[in-house]
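Undergrad: Supplied in structure tokens, the structure appears directly below.
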Amino acid sequence: MENEKKAWWKEAVVYQIYPRSFADSNGDGIGDLAGITAHLPYLKELGIDVIWLSPIYKSPNDDNGYDISDYRDIMTEFGTMEDFDRMLYKAHSLGIRIVMDLVVNHTSDEHEWFIKSRSSKDNPYRDYYIWKDGKGDLPPTNWQSLFSGSSWQYDETTDQYYLHCFTKKQPDLNWDNEKVRNSVYDMMTWWCEKGIDGFRMDVISMISKDPAYPEGPLVDGLYGELLPYVANGPHVHEYLQEMNRRVLSKYDIMTVGETAGVTLEEAMKYANNEGTELNMVFHFEHVDTDATTTPILGKWGYDHPDLTKLRPILNKWQTGLEGKAWGSLYWDNHDQPRVVSRFGNDSPKYRGLSAKMLATLLHMMKGTPYIYQGEELGMTNMTFTSVDDCRDVEEINAYRQYVTDHKMISSEEMLKCFSAVARDNARTPMQWDDSKNAGFSTGDPWIKVNPNYRQINAASQTDDPASVFNYYKKLIKLRHENEIIVYGTFSPLLEDSEQIYAYERHYNDQTLTVACNWTDKETKCSLFDCISGRELISNYDEHKAGILQPYEARAVLH
Ligand code: GLC
Ligand code: CA
């Protein structure tokens, strides 16, 4: 659509930093704000416009900062508010915006609101959280927390249970309480006044719960399903519209909602073009394609997803949002395994080629692209051989539930699952160079460094024109220079192909044709045979007529 309304956040490329694993400036083994500041020139060189910073607030770190005990203070290990101000100032002076992670579905149990809330039934903060009586000896519902075990924690002081969709140290806030909403809006305003450039809203689709609190169908024979009763609930749009009126609409910021359980129809409400809620959302359908439906394993499954499963999802979201809402594009983040290992091929022969193919596929589509730290280097998954090497509470809890307590799966099998899909794959330290600890830290890193850092690191890639890094750099530059990549409409091509993902973008009188070979085999493809135009990018220097070579990707403007 030629008259798509223009906005800076539609034209931007976002880079996500997971501060704990990005760069350690003081040798304590934990990444920090000064480490980020020191590496801003690297991001400037890459060419990104916006940083999404995973949480940097005060936190006891049960879930690495996604459990916040003070929204207006900085995590001790990460530095001070002065370090934050310095980082923001330096980023802005380089023309880079900073988007904060807003985690307000829940707080830490060490937040003062919760400490007060749990102290008695009649204190003013009681209703800040969700408290219920048990059913005899059982919790209020059979729901399973997203991080294993019951989603209810019994609290002796007042003989009631509180709801936690994640760990028991992450009690859910009660958004039906107006005081909670006002407290959140005040805090958001405080950060906006500081000059930050937006919010990535953590599980924001979960803030309105089903008031009936029904039992859920059993998922693994142990507990019932939770998500249907907490995602996209009855008041979620009302609350986001209120937040928009009270805070978001007053600032020139960008917003992206992490919306677990979101459908296309719901996304069109959250990210509607009228701008009454958020700018865009993250959906999960494409990254759920490897989850098996085996009753026990669910998300821990790792079927290598084929293109025929992925294509309809990608196409549906591209065409479905057109003209109605804005989309986001991502393969990786701190909750996902590394894309080159998951959807590509991380063997030495094909790692670079397939990483570039996946990047082309994503970055030529419509929507705001997100790059997760290290993705621009083609960083890969880790191999986990002992649960002692795992740091993520989701993994540790799942291991305890399925291996230790219920013996539903062997330790070896669980570790195989972790090596394929666990979140720690994304959280190994950023690989800066081939020195000790990949140049991440002079001390002992909080999580093991991927041993392949000697081959895969930033220092060896920034000056190599053929590197994955320079390919990403080129993709970002192309988006900045060609409106068709930002605003062009999308139409799918070769929808029956099992090997090739292809599409066209249209803008004014131009067409951009994109084709990607998803496999390690040469594949017939006549798409480019009768096109004469300008090749914007390809991961091969030479092409073969009528053929796409293994993992070959091409984008031609005509
Ligand atoms: C989101 C975050 C994830 C976190 C969870 C609970 O899904 O991305 O890292 O564990 O919410 O806050
Ligand atoms: Ca540090």
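The values are calculated or read from the model by the stated rules, or taken from the named source; none is laboratory data. As the structure is a computational prediction, the values presented were derived from the model and not from experiment. Ideal geometry is used to build each Cβ from the backbone, glycine not excepted, and the neighbour counts take in all protein chains shown. Surface accessibility is based on the protein's heavy atoms, side chains included, excluding ligands, DNA and RNA. Shrake-Rupley method; radii C 1.70, N 1.55, O 1.52, S 1.80 Å.
Undergrad: With every protein chain left in place, what is the accessible area of Ser341 in Å² (1.4 Å probe, nearest 10)?
TA: Approximately 30 Å² of Ser341 is accessible to the 1.4 Å probe.
Undergrad: For the pair Arg86/Lys436, report the inter-label distance in nm, with labels modelled 7 Å from Cα in the Cβ direction.
TA: About 2.4 nm, to one decimal.
Undergrad: In whole angstrom, note down how far apart the Cα centers of the range 196-213 and the range 255-292 are.
TA: With the range 196-213 and the range 255-292 each reduced to a Cα centre, they are spaced 12 Å.
Undergrad: Using 7 Å Cα-to-Cβ label points, what is the Glu112/Thr263 separation (nm, one decimal)?
TA: 4.3
Undergrad: If you don't mind, there's one more thing I want to ask. Lys6 label point, 7 Å along Cα→Cβ, cut-off 19 Å on backbone N: hits in the range 242-259?
TA: Residues 252-254 qualify, since their backbone N sits under 19 Å from the label point.
Undergrad: Between Thr308 and Tyr350, what is the FRET efficiency for a Förster distance of 22 Å, r being their Cβ-Cβ separation, to the nearest 0.05?
TA: After rounding, the FRET efficiency stands at 0.60.
Undergrad: Further question: Given only helices, namely DSSP H runs of n ≥ 4 each adding -39500 (n - 2.57), what is the per-residue ellipticity at 222 nm of the chain, to the nearest 500 deg cm²/dmol?
TA: After summing the helix terms and dividing by residue count, I get -7500 deg cm²/dmol.
Undergrad: Take the range 171-319, drop everything but the C-alpha atoms, weight them equally and run the Debye formula without solvent; then report log10 I(q)/I(0) at 0.08, 0.10, 0.16 Å⁻¹ to two decimals.
TA: -0.28, -0.43, -0.99
Undergrad: Could you tell me the center-to-center distance, by alpha carbons, between the range 34-89 and the range 468-520 in angstrom?
TA: Rounded to whole Å, the Cα centres lie 33 Å apart.
Undergrad: To continue, here is another question. Reported to two decimal places, what Rg/Rh ratio describes the range 223-305 when computed on Cα atoms with Rh from the Kirkwood expression?
TA: Using only Cα positions, Rg/Rh for the range 223-305 is 1.08.
Undergrad: Going 7 Å from the Cα of Glu45 toward and past its Cβ, which residues in the range 350-377 have a backbone nitrogen under 16 Å from where you end up?
TA: 374-377
Undergrad: In whole Å and largest first, what semi-axes does the C-alpha gyration tensor of the range 344-479 yield when each eigenvalue is scaled by 5 and square-rooted?
TA: After diagonalising the Cα gyration tensor, the semi-axes are 30, 19, 13 Å.
Undergrad: Counting DSSP beta bridges in the chain, what percent are antiparallel, to the nearest 5?
TA: 60
Undergrad: Less than 26 Å apart at the alpha-carbon level, and either on another chain or at least 8 residues along: which lysines does that give for Lys316?
TA: List returned: Lys5, Lys6, Lys10, Lys269, Lys299, Lys324, Lys356, Lys366, Lys524.
Undergrad: How much length would be gained if the chain were fully extended between Glu535 and Asp463, taking 0.36 nm per residue of separation minus their Cα-Cα distance, in nm to one decimal?
TA: Here the segment from Glu535 to Asp463 would lengthen by 23.6 nm.
Undergrad: Another question, if that's okay. With only alpha-carbon atoms in the gyration tensor, what are the semi-axes of the equivalent ellipsoid for the range 411-464, in Å, largest first?
TA: 24, 13, 8
Undergrad: Moving on. What does the charge count near Leu475 come to, summing +1 for each Lys or Arg and -1 for each Asp or Glu among other residues with Cβ under 12 Å from its Cβ?
TA: Counting the neighbours of Leu475, the net charge comes to +2.
Undergrad: Starting from the Kirkwood radius over alpha-carbon pairs of the range 112-163, derive D by Stokes-Einstein at 37 °C in a medium of 0.692 mPa s and give it in µm² s⁻¹.
TA: Roughly 288 µm²/s, to the nearest whole number.
Undergrad: What does the charge add up to near Lys407, with Lys and Arg as +1, Asp and Glu as -1, over the other residues with Cβ less than 12 Å from its Cβ?
TA: -1
Undergrad: Residues with amide H under 5 Å of Trp143's amide H, sequence separation 5 or more or different chain, H placed in the peptide plane at 1.01 Å from N; which?
TA: It is Ser151, Gly216, Gly224, by chain and number.
Undergrad: Something else now. What is the sum of charges around Phe282, taking Lys and Arg as +1, Asp and Glu as -1, for the other residues whose C-beta is under 9 Å from the C-beta of Phe282?
TA: Taking every Cβ under 9 Å from that of Phe282, the sum is 0.
Undergrad: Less than 12 Å apart at the alpha-carbon level, and either on another chain or at least 8 residues along: which aspartates and glutamates does that give for Lys521?
TA: Reachable aspartates and glutamates: Glu498, Glu552.
Undergrad: Spin-label point model (7 Å from Cα, Cβ direction): what's the Thr158 to Lys477 distance in nm?
TA: If labels sit at Thr158 and Lys477, their model points lie 5.9 nm apart.
Undergrad: A further question on this structure: In cubic angstrom, how much convex hull volume per residue do the alpha carbon atoms of the range 488-557 span?
TA: In the range 488-557, the Cα hull volume divided by residue count equals 82 Å³.
Undergrad: Would you list, by chain and number, the lysines whose Cα falls below 21 Å from the Cα of Lys116, excluding same-chain residues fewer than 8 positions away?
TA: Counting by Cα, and skipping residues close in sequence, Lys116 has these lysines nearby: Lys58, Lys132, Lys168, Lys169, Lys179.
Undergrad: Which angle between 0 and 90 degrees, to the nearest 10, do you get for helix 81-93 versus the longest principal axis of the chain when only C-alpha atoms count?
TA: 20
Undergrad: Let me ask another. When only the heavy atoms of the protein chains count and the probe is 1.4 Å, how do Trp331, Trp113, Trp8 rank by accessible area, highest first?
TA: So, going from the largest accessible area down, we get Trp8, Trp113, Trp331.
Undergrad: From the C-alpha gyration tensor of the chain, pull out the three semi-axes of the equivalent ellipsoid (sqrt of 5λ each), sorted largest to smallest, in whole Å.
TA: 37, 26, 25
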